[in-house]
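Here is the structure we will look at, set down as structure tokens.
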Amino acid sequence: MLLPLLVFAFAQVESAQESFSGEQLESHRVEVSSYLFTAPGPFRSVGFWWEGDLEGAEVALFGVNGELSPWWPVELAHDLNLDDGGLAGSSQVSALVHGRVAQQTGLLLRLAPGQLVQQFSILWISTLPAIQPGTSLASTAKPAVFDRASWGANPAVCNPTFCTTTHVAMHHTASASEYTSQSWAECAANVKASQVYHMVTRGWCDIGYNYLICPHGDIFEGRGGGDDVRGAHDGYNCGSMGVSMMGYFHSPYNQILNAAMQDAFVDLAAWKCDQQNIDPLGSSWYAGFGGVKENLYGHRDVSATACPGDLAYAELPQLRQRVEQKIQGGGMEIILDNHLASFTGVWNTGSSSVDKYGADYRWASSGTATARALWNPMITQAGNYQIALWWPQGSNRNPSTQVGLLLNGQLFTITVNQQLQGGQWNVLGTVALPASANTTIGLTNQGALGWVVMADALRLVLQ
Ligand SMILES: [Zn+2]
Ligand SMILES: [Zn+2]
């Protein structure tokens, strides 16, 4: 097997792009099956694209110690639609792959014999700026959104344009490695890499999507400019808010649109539908498209693409119903993950439990100096709310974890067994709550020594 070793040096810090021609990866049907590309320095994400065949191409990443990642089949990214600035999509094959941290040194590309590849280009995305979680609070209005500053967005290179939003489009990013991210910081870095990829490969103004939702259910602001800014996501764009689910919800990866992602999509769509009087169950004129479309649609409804993938697309009917319920107030729900709680005493952050809600959870030792995790939901509509808690279970959990509700100065308590019923919403009861920001719900580490208590997520559903 011939293995051409290609080494390049680039001056740019954040990303480096090179196109290959001539004797390297020429416009021809390949005869060798593997190509090794060595980056100018350690990188975290790599984008690449070419004209020609997809066939059975696969990629793997080399780490700094020479270790090779698993092979990923190359699948088409679909983010090749026209933006206000820059070029229409033309590359037939494009993909974006992320490593876990910025310590990859090379890309190994395996092509099928006889595969047609021409104008092969590669983009190394390396240094990412410091990123900080945003601080916006959840409410029944706009859900918590991590803004552009939180993921270190580059400024757009042209002025935003605006269209009144009449539709919400669901996409997937078609990047399977985004779904396996293990922390908020990894997801934020993936959003940043997508922006670099969109701006460099296509010469777009900015990242294409209006919002992105990570596998932990965190919502990231995409295209800059604010409400109703025109994105670049389905080829028509004007009037449609493009929301991209970070992962690959289609063959061959078949990743699952999990509960946290679905909840976040409902919250985001309900906010926009309520704001613009959009009927989530109806259809209307989509100006950019020039025709009537369902108000909440999948990318494949307007373009020849698999996006958002069979497994995400199949969820749209029930998601439309949930958005409608949320707008009507019936079933209106408020979900507060642990990063929206306030903590007193000693708490640790954990992420290894697979049945967690969102990216991580906090835990504290029981029976030691008092530690509390407290949520203050913003109740904008008085009513009877069903209250539920989510925790990751385990044999070391406190079987008598104390949960409290502080309402009008009165404390109500209940105990829950956190050794069982992990990875689901556990209903604690239903209480009448006033429209107020002063309701406090939380849990403490009080009780016997030797256990841990878990603070993960709180849900209130209006009955
Ligand atoms: Zn799409
Ligand atoms: Zn995430």
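Quick notes on this structure:
- Cα-based helix-to-principal-axis angle, 259-276 vs the chain, degrees rounded to 10: 90
- When each of K142/K272; K192/K356; K272/K293 is checked by Cα-Cα distance, pairs over 19 Å: K192/K356
- Distance-filtered residues of region 168-209 - backbone nitrogen under 13 Å, label point 7 angstrom along T161 Cα→Cβ: 205
- The angle between the Cα long axis of helix 184-202 and the main principal axis of the chain comes to about 30°, on a 0 to 90 degree scale.
- Taking max minus min of the alpha-carbon positions on each principal axis, the chain gives extents of 77, 54, 35 Å, largest first.
- From helices alone, the chain scores -4000 deg cm²/dmol at 222 nm; the rule is -39500 (n - 2.57) for each run of n ≥ 4 DSSP H residues, then divide by the residue total.
- Seen against the Cα atoms of the chain and their longest principal axis, helix 316-328 is set at about 40 degrees.
- The A259 and S352 beta-carbon pair, evaluated with R₀ = 30 Å, returns a calculated FRET efficiency of approximately 0.95.
- For A371, the residues whose modelled amide H falls within less than 5 Å of its own, excluding neighbours fewer than 5 places apart on the same chain, are N445, Q446.
- One chain, two ends: T180 and F343. Fully extended at 0.36 nm per residue, the span grows by 55.9 nm beyond their Cα-Cα distance.
- Environment charge at D301 (Cβ cut-off 11 Å; Lys +1, Arg +1, Asp -1, Glu -1): 0
Quick note: the coordinates plus some simple rules give every number you see, no bench work behind them. Given the structure is predicted, the values throughout are model-derived calculations rather than measurements. Counting neighbours? That spans all protein chains shown, and the Cβs are built from the backbone with ideal geometry, glycine included.
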